[in-house]
Amino acid sequence: MKIVIVGNGVAGTTCALAARERDSKADITLVGEESDYFFSRTALMYAFLDRLSRRELEPYERGVYSKKRLRLVRDKAVDLDAVKQTLSLNGGEVLAFDRLVLATGSKANFFPWKGLEREMSAATGESHLASGVVHFVGLQDLDVCEALVPSTKRAVVVGGGLIGIELVECLLHHGVKVTFLVREPFFWPVSLCAEEAALVLEEMKRHGVDVRLGDELARVEKGPDGRVSKVETMRGETLFCEMLGLCVGVKPNVAAFQKMSTPPRTRRGFLVSPTLETSLPGVFACGDCAEILSAGPDGAVNFESPGQALNELIWYSAKRQGELVAQNLFGDALVYEPPLFFNSSKFFDMEYTTVGDVVAASRTNPSWFAVAPNGRASLRVVHAQNKVVGFNVLGARVDHGILAKWISEKRSVDECMERFKEAQYDVEFGRVPVESFARRELPPTEVKP
Amino acid sequence: MKKLGWAASALHSVKNRGLLGWLLSGALIAFYVILYFDDKVLPGGQLDAFARHFFWFLPKAATPGKWTFYGFLYSVAMVVGGSWVLWKYRHNKYQIVRTSVVMLIQVSFGFSVPILLKVFSQPEYYFSYFWPLKFDYFQPSTIASQPLPFIVYSFVGSLLFVPIMTLLYGKRWYCSWVCGCGGLANTFGEPWRHLGTKTQRSWKFEKISIHTVLVICLLTTALYAVGALADLSAYPRFQSGAESVKAFYGFAVIAVLSGVLGTGLYPLGGTRVWCRFFCPMAALLGLIQKLGRYRIRVKKNMCISCGLCTKYCEMGIDVRSYAQANSDFTRASCVGCGLCAEVCPRGVLRLENRWPLDPPEVSFVDILKQRAAVSQKG
């Protein structure tokens with residue numbers, strides 16, 4: 001069986017390795033456009049922080065690819081013919097396949113900001129060396145950022161999410177003064193409550209970040225050399241800078257495939273069935289680029305008028321989907337069912353873990369909130385009728401697996417708090433004494449009508 | 001790369017095998033060659049004479065020599081480096097406790113106590129070292145010169161206490177809490193901990209080299225035992241052969257590998273060259289550790305494959321390969337320094353002393369395999 005995988009990121013590479021586990025004879029080719037070898041995108045910031053080299057970002061020793069007989073091709077897919085089952089590459093090579101996996105990942109979002117018309121019309125999602133306008137998603141962004149920092153004293157970073165705060169931390173490391181524009185009234189409301197965001201804000205201030213909440217980019221001005229010189233915000237402030245970071249989310253990277261001979265159906269991403277198969281038979285998609293439809297009552301998927309869909313843009317999901325697709329390539333029809341949600345991050349020195357539902361559920365339910373006296377750790381437990389539904393932990397380590405188990409078993413808040421020690425994962429001698437924190441009940445964020 | 005001033009550039013060069021790193025390594029190696037072989041490279045007895053002047057305030061009974069002076073330098077290096085480590089990892093209780101203990105043991109059992117023993121007319125004895133690292137404590141001539149409590153301590157310590165502690169807590173209780181070699185690596189050696197090679201090839205080499213030294217060490221001990229228990233005067237060739245094996249061990253293992261290369265290569269090969277590739281004690285404890293309850297636990301499906309754990313592993317373990325495969329692990333070489341858990345930005349790793357979880361965790365891959373098996377049947 002000939003398997004071609006487009007994209008050598010975490011979804012594609014995980015899929016390739018799992019396919020090899022499944023079938024020792026399959027002919028597996030990985031086509032990567034961005035890099036010769038799979039690298040950890042989530043570790044990009046540690047390269048910019050000078051803690052890891054480019055080579056150290058690679059999760060596998062290079063010998064693994066020859067040992068597992070995975071052919072790596074550094075090229076760009078330019079045409080897909082699903083009838084003849086061929087994929088044409090920019091370099092002229094035509095790859096025949098029995099099964100094709102699209103794992104093209106995502107690209108940085110770009111909005112039509114005033115003053116950035118030239119960047120808008122160029123290839124969006126890429127960083128621009130000449131104008132000092134950068135994203136922080138890929139290796140090209142890292143190269144451009146590293147080239148720019150020596151001539152940068154001040155920078156503005158737009159976007160109150162994970163990539164934004166990572167870029168802020170990296171720029172500070174390089175001695176750049178950073179202003180962080182967060183559109184929302186507090187940092188990262190898709191995962192944090194206002195009280196938690198306040199703790200993260202304090203952490204940012206401790207590290208010298210100038211954070212502007214509730215403000216966004218209005219206009220960009222460039223100097224005579226074409227490099228960004230100042231930005232104006234919606235609130236009318238003028239911020240001088242030599243670098244502008246745009247970290248306003250990512251979107252599935254599907255544009256190139258929409259123009260091919262036999263384009264798979266797309267909306268936001270490649271539309272796929274619950275078994276991760278696209279509208280083209282034998283063509284699958286996984287990771288950031290996949291938009292997973294739910295099956296109708298008859299068990300079928302309607303690609304023509306797609307309804308609700310799931311588009312997970314996180315590392316852990318890409319890994320899971322890659323593993324699952326690898327099985328379905330061989331005729332299994334495993335349905336992708338994401339486990340209970342969990343995610344993690346680190347805001348400067350403050351670690352963060354979330355499990356279950358901490359946002360939607362807290363709109364209509366009270367949360368139990370405990371904060372360390374020094375404000376560097378907190379625990380929030382969201383519960384519905386006294387049964388836990390979600391945990392948010394800042395500044396302490398927990399085993400999300402145990403918390404997920406408690407949620408699925410609908411344990412009571414009291415029991416979870418009594419046994420919270422069992423889920424704690426801090427270093428020896430260093431358990432964060434959550435039970436001694438001042439605690440209070442947070443009301444639902446939305447008042448019931 | 002970050003814009004670097006001259007001081008930062010120099011530091012970068014020292015820490016990352018730059019010119020200054022090579023020069024420092026050369027200087028350290030030269031220092032150890034002079035220290036071990038001063039009678040060959042210097043006019044006789046100069047170092048000992050210097051040490052006697054340096055420790056003028058000690059009573060005569062202490063008989064300070066070059067090794068006393070070396071012990072002093074060693075302790076200073078550990079206290080200075082250790083203070084920096086305590087500050088750097090001040091948010092991490094495990095690092096604070098571990099570093100404090102290893103510093104304290106060096107200053108007391110590793111330096112002051114042996115001098116005090118001599119002052120009180122007792123043999124110079126290091127309570128923090130055991131066979132097979134402190135090879136001579138099982139040597140008949142040493143044993144003959146010691147009072148009974150010391151002999152009992154040597155045997156009970158090496159043959160009972162050390163293995164039991166290792167079964168319960170892993171080799172870390174010794175290699176990164178007590179031992180002076182590990183102590184120097186984790187304090188003075190902190191700037192170079194990331195330089196150890198992480199390749200599969202180095203792991204293969206390590207398995208051969210360290211166990212070879214262990215075998216030579218056991219063999220040499222056996223020769224001593226035979227020499228002590230049996231009258232060998234009838235077998236002169238065996239006797240002379242045994243003598244040359246003992247001399248070779250003393251020179252090659254103790255002087256060259258643990259001293260000259262073990263510490264001299266800090267700025268080039270990382271801080272645990274001796275511990276990882278050659279130390280017979282580490283080899284033995286590693287084998288016991290595999291049977292014990294110590295392990296590194298991996299949070300399931302939380303690894304982002306960044307590789308910081310691998311980079312900062314001083315024993316050259318590719319920690320990331322276990323973390324991204326969701327697999328708890330016990331590697332024979334792991335000295336439990338805890339730095340992998342410290343640098344992990346997602347808190348995936350945890351050092352633990354407990355027997356495998358019951359019931360065992362099921363990974364997402366296992367679930368998929370079960371489901372695939374069911375769907376194939378159906």
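Computed from the coordinates by the stated procedures, all read-outs in this text should not be read as laboratory data. Keep in mind that what you see is a predicted model, and the values were worked out from it rather than measured. Cβ atoms come from the backbone with ideal geometry, glycine included; neighbour counts cover every protein chain shown.
Judged by a Cβ-Cβ distance under 4.7 Å, the unpaired cysteines of chain B are B:C175, B:C179, B:C181, B:C217, B:C275, B:C279, B:C303, B:C306, B:C313, B:C334, B:C337, B:C344. For B:A332, the amide hydrogen comes within under 5 Å of no other amide hydrogen, counting only partners 5 or more places away or on other chains and with H modelled in the peptide plane.
Build a GNM of chain A with springs between Cα atoms under 10 Å apart, and of A:V182, A:V144, A:V83 the one that fluctuates most is A:V83.
Measuring between their Cα centroids, the range A:385-449 and the range A:271-332 lie 33 Å from each other. Exposure proxy ranking for B:K369, A:K410, B:K40, B:K299, based on other Cβ atoms within 10 angstrom of each Cβ and starting from the fewest, stands as B:K40, A:K410, B:K369, B:K299. Close amide H contacts of A:R219 (hydrogens built in the peptide plane, cut-off under 5 Å, sequence separation of 5 or more or a different chain): A:E232.
Taking a ≥ b ≥ c as the square roots of the eigenvalues of the alpha-carbon gyration tensor, chain A is classed oblate because a/c is 1.5 or more while a/b is no larger than b/c. Which of these, A:S35, A:S53, A:S273, has the largest mean-square fluctuation under a Gaussian network model of chain A (Cα springs below 10 Å)? Result: A:S53 has the largest fluctuation of those listed.
Under 1.5 on a/c is rounded, so check that first for the range B:22-137, then, if it is not, pick prolate when a/b is larger than b/c and oblate when it is not; a ≥ b ≥ c are the square roots of the alpha carbon gyration tensor eigenvalues.
Values: a/c = 1.94, a/b = 1.31, b/c = 1.47.
It comes out oblate by the Cα gyration axes.
Rg and Dmax of the range A:342-442, based on Cα coordinates, read 12.5, 38 Å. Helical runs assigned H by DSSP (4 residues or longer) give chain B a calculated mean residue ellipticity at 222 nm of -16500 deg cm²/dmol, each run adding -39500 (n - 2.57) before division by the residue total. Largest mean-square fluctuation among B:G180, B:G196, B:G26, in a Gaussian network model of chain B whose springs join Cα atoms under 10 Å apart, belongs to B:G26.
Count the net charge of all other residues whose Cβ sits under 13 Å from the Cβ of B:Y174, scoring Lys and Arg as +1 and Asp and Glu as -1. Mind showing how you got there, number by number?
Details: positive: B:R98, B:K134, B:K171, B:R172; negative: none.
Residues close to B:Y174 contribute a combined charge of +4.
Across peptide A:40-51, the mean count of Cβ atoms from other chains lying within 10 Å of each residue's own Cβ comes to 4. Taking amide H positions as modeled 1.01 Å from N, with prolines and chain starts lacking one, the residues under 5 Å from A:T445 and 5 or more places away or on another chain are A:R363, A:T364, A:N365.
Couplings 3J(HN,Hα) of the range A:302-315, computed from phi: 9, 6, 6, 10, x, x, 5, 9, 10, 10, 9, 10, 10, 3 Hz, in residue order, whole Hz [Karplus 6.51 cos²θ - 1.76 cosθ + 1.60, θ = phi - 60°; x for Gly and Pro]. Taking label positions 7 Å along the Cα-Cβ direction at both A:E415 and A:D23, the computed distance is 4.6 nm, reported to one decimal. For the range A:176-322, the C-alpha radius of gyration divided by 2.2 N^0.38 Å, with N the number of residues, is 1.42. Computed with the Debye formula from one identical point scatterer per Cα of the range B:20-280, without solvent, the log10 of I(q)/I(0) at q = 0.15 Å⁻¹ comes to -1.34.
Compute the signed sum of charges (Lys and Arg +1, Asp and Glu -1) over the other residues within less than 14 Å, Cβ to Cβ, of A:S24. My count for the surroundings of A:S24 gives +3.
Ordering A:T104, A:T445 by the number of other Cβ atoms within 10 Å of each residue's own Cβ, fewest first, gives A:T445, A:T104.
In the range B:295-353, the C-alpha radius of gyration followed by the widest Cα-Cα span (Dmax) gives 9.7, 26 angstrom.
Karplus-derived 3J(HN,Hα) values for the range B:67-73, using 6.51 cos²θ - 1.76 cosθ + 1.60 with θ = phi - 60°, are 6, 5, 5, 4, x, 5, 4 Hz; glycine and proline are entered as x. Cross-link partners for B:K204 among the lysines, with Cα-Cα distance under 19 Å and sequence neighbours closer than 8 places in the same chain left out: A:K67, B:K290, B:K311. The phi-based Karplus calculation (6.51 cos²θ - 1.76 cosθ + 1.60; θ = phi - 60°) puts the 3J(HN,Hα) values of the range B:164-180 at 5, 4, 5, 5, 7, 10, x, 6, 4, 4, 8, 5, 10, 10, 10, 4, x Hz, whole numbers, x for Gly and Pro.
Quick check: convex hull of the Cα atoms in the range A:1-83, volume per residue, rounded to a whole Å³?
Values: hull volume 7.8 nm³, N = 83.
Convex hull of Cα atoms, per residue: 94 Å³.
Using the alpha-carbon positions of the protein assembly as shown, Rg (one decimal) and Dmax (whole number) come out as 30.6, 104 Å.
Shape of the range B:68-187 from the C-alpha gyration tensor: oblate (a/c of 1.5 or more and a/b not above b/c, with a ≥ b ≥ c the square roots of its eigenvalues).
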